[in-house]
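Please treat every number below as a calculation from the coordinates, not as lab data. Note that the structure is a prediction, hence the values are computed from the model and not measured. We place every Cβ from the backbone using ideal geometry, glycine too, and count neighbours over all the protein chains shown.
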Amino acid sequence: MADFLLELRCEEIPARMQPKAKEDLARLFADALAKAGLTAGSVETFATPRRLALIAKDLPLATAAVSEETKGPKVGAPPQALEGFLRKVGLTAEQLTERDGVYFAVVEKPGRETAAVLAETIPAIIRAFPWPKSMRWGAASLSTESLRWVRPLSGIIALLDGAVVPCEIDGIASGRTTMGHRFHHSGPVDIANAGAYIETLRAAHVIVHFSERCKLIRDGAAKAAAVAGLTLVEDEGLVIENAGLTEWPNVGLGIFDEAFLDVPPEVIQLTARVNQKYFVCQGPDGKLFNAFICTANIVPRDMGIVIEGNHKVLAARLSDARFFWEQDQKTSLEDHAKKLARITFHEKLGTVADKVERVAKLARWLVEERIVIPANAGTQNGTEQQDALGSRVRGNDKEIAALADMAEQAARLCKADLVTEMVGEFPELQGLMGGYYAAKEGLPQEVAEAIRDHYKPVGQGDDVPTAPVTVAVSLADKLDTMFSFFSVELYPTGSKDPFALRRAMLGIIATVLKSDLRVPFTKIARTHYALPDGPLAWFLDFLDERLKVQQREAGVRHDLIDAVFALGGEDDLVRLLARVHALQTFVTTEDGTNLLAGYKRAANILKKEDWRGIEGEISQTGEEDPLAMVDDPDLAPVIAAKMAERHAAAEHLTYTPEPAEQALIDALDAAAPQAAAAVEAERFADAMAALASLRAPIDRFFEEVTVNADEANKRAARLALLARFRDAVHRVADFSRIEG
């Protein structure tokens, strides 16, 4: 067994590309080995700004001999077919093997030395490497066939058990020589073998382990802050980025002018982070302190000089930020908002000003209809603020009107900061800066907070709004995005979601469930956006899909969500999930498991017999059960009447039912109305309890009663009885969607 070292040295690799480059190198190398019939015991990759490397341990010294078999034409095939096959495999007819009337070409390939395989593999990996961006260089770059790499490639180390694996690409020959730190080491560095690589470079002031550099930066920054009596504002992304910019990291703490603290802390942190890759600190009071921590790629004689240089650069950046902050405030948000008419939201959907107008109207309506007043206000589930607000405003038209005015005002101003200098410089601050500017103008706190937080939640773990005005604007903004794009049939696909509709839908779901809001999605889609049935169906399917994604982490089964969604006409997420949770509890009980088995047996019999009965007269969808599938309010009375006819027919049997049959009829007479009434009252646990009473009668029915009796009247009545049982269950959930 042998160890192999590969190092590809070049000019500075962008920090953001290094983690993925390590993964790609390992993958390409493993794939190349596999094609040659080789496997390494382990593969470890390394990345610094100036090199990408790999160490593979326990490689065989040679590949095993293999026998390759190619299937040919049948014996007796036309001569042309046989001749073509012989040319393809490079054999004569006498060298073919006949088996089961078919010719086979069997070629024994001897094993190869691993060094020879690697010599072919290295140039292939380099040429196939999937850099996000790459370049050509030098005189050869005039040709499109010249080598491409992320930055000019300058050296290759390829050592197998300490011996150089000879290969060459674009005039760069492999060897054992590399370079140490750009400033702390001069001259070439020779690597003896793979085992010596890490420590030899460490002696040359290069730490090749990415994770080790991350730890040095993370721990060093925290220590520097602690020594100054401060607390580091943790930023793992910044740790990773600085590790990708350095080979020998060293951190130091500096102080900037306290006057800059007049600028919002998020602006200071983003200026330091984005422009200079600096960490920031908090003081003992938990507020942003006028300190920064920089990461150098050297160990200077005097760190103070380095810090002073960084301070000057940061001061210039913060001066720009303060200028933007002051300039933006010279124009009111209302005047900023007027410029939105010049920004296209989407070519099919008008300008951002058009969107703001729609959002403002919808936000006001959500408040006026009391939709954004938490359903749990006044209960232990709501926050103290919501409880007080909910109990005050639920029946107070004056306060509702005040909230509606604030929601509309916030919505009309929520996108105004898009045209400010600060957001132009830092797009990440949109919404946040609008909130600051609104507060500076003296607008109501509820308005400023709604502008600030209306994008929330942006992702998993983000804060979810709960204040009514903020919720109204946040929901209106996301709902407008969803319904607007669906109205022009711009749907997300499995691979593409250019308008971030999945994120918007997850934000809607999180906001609705956080405060138990009863949002009538279908009504909004039809009355505010005139959404046709097709796009509306797409929206509800998308809602179902995202809800399952959102609930999966909470341990809710996707098939149970399907079972409730399949009933049709349900777009109240709070009511839907209450039913789902009750169903999940029920199906895990013995009664639930057995009832599900009984339901499926009944459904299978009805399907086998192609039993449609009354459904066949009224189903508009071609589905088995109109109660589960028809979502047309105009058909509801028809369905109810037909179901009443069926039940009446079952009550006037032309024969005396068997005891088990009568027991099921009696159980349905009691349970069906109880379950229906419980569902109507949203007492879903009670609905499940009513269904549970059917478990024993349906089991007994199947044990004692012959459904497909010889007598036609008995057979029809018993099939109708099973259909009635199925209908009663479907009033609670479509059990056909439940797995198990």
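Under a 5 Å amide H cut-off, with hydrogens placed 1.01 Å from N, VAL206 pairs with HIS181 among residues at least 5 apart or on other chains. Of the listed pairs LYS348/LYS514; LYS223/LYS312; LYS361/LYS523; LYS20/LYS287; LYS548/LYS600, which have alpha-carbon separations greater than 26 Å here? The pairs that break the limit, which is 26 Å between Cα atoms, are LYS348/LYS514; LYS20/LYS287. When +1 charges are put on Lys and Arg Cβ atoms and -1 charges on Asp and Glu Cβ atoms, the dipole computed for the chain relative to its Cα centre reaches about 1920 debye. Only one item in (i) 2, 11, 18, 24, 22, 14, 6, 2, 0, 0; (ii) 3, 11, 16, 15, 12, 9, 7, 6, 6, 6, 5, 3, 2, 0, 0; (iii) 2, 10, 14, 14, 15, 15, 14, 10, 4, 1, 0 matches P(r) over Cα pairs in 10 Å bins from 0, in percent derived from the coordinates shown, and that item is (iii). Cross-link reach is defined here as a Cα-Cα straight distance under 16 Å, omitting same-chain residues fewer than 8 places apart; for LYS440 the lysines meeting it are LYS330. Listed by chain and number, the lysines whose alpha-carbon sits under 25 Å from that of LYS109, ignoring those within fewer than 8 places in the same chain, are LYS35, LYS71, LYS74, LYS88.
Provide the FRET efficiency to the nearest 0.05 for the ALA712-ASP533 pair, computing r from the beta carbons and using R0 = 41 Å. Between ALA712 and ASP533 the formula returns 0.50. In terms of the mean number of neighbouring beta-carbon atoms within 10 Å, the peptides 242-249, 676-683 order highest first as 242-249, 676-683. By the helix-only formula, in which each DSSP H run with n ≥ 4 contributes -39500 (n - 2.57) and the sum is divided by residues, the chain has a 222 nm mean residue ellipticity of -16000 deg cm²/dmol.
Going toward the positive end of the dipole of the chain, with +1 on Lys and Arg Cβ and -1 on Asp and Glu Cβ, which of PRO697, LEU429, LEU490 do you reach last? My answer, from the dipole projection, is LEU429.
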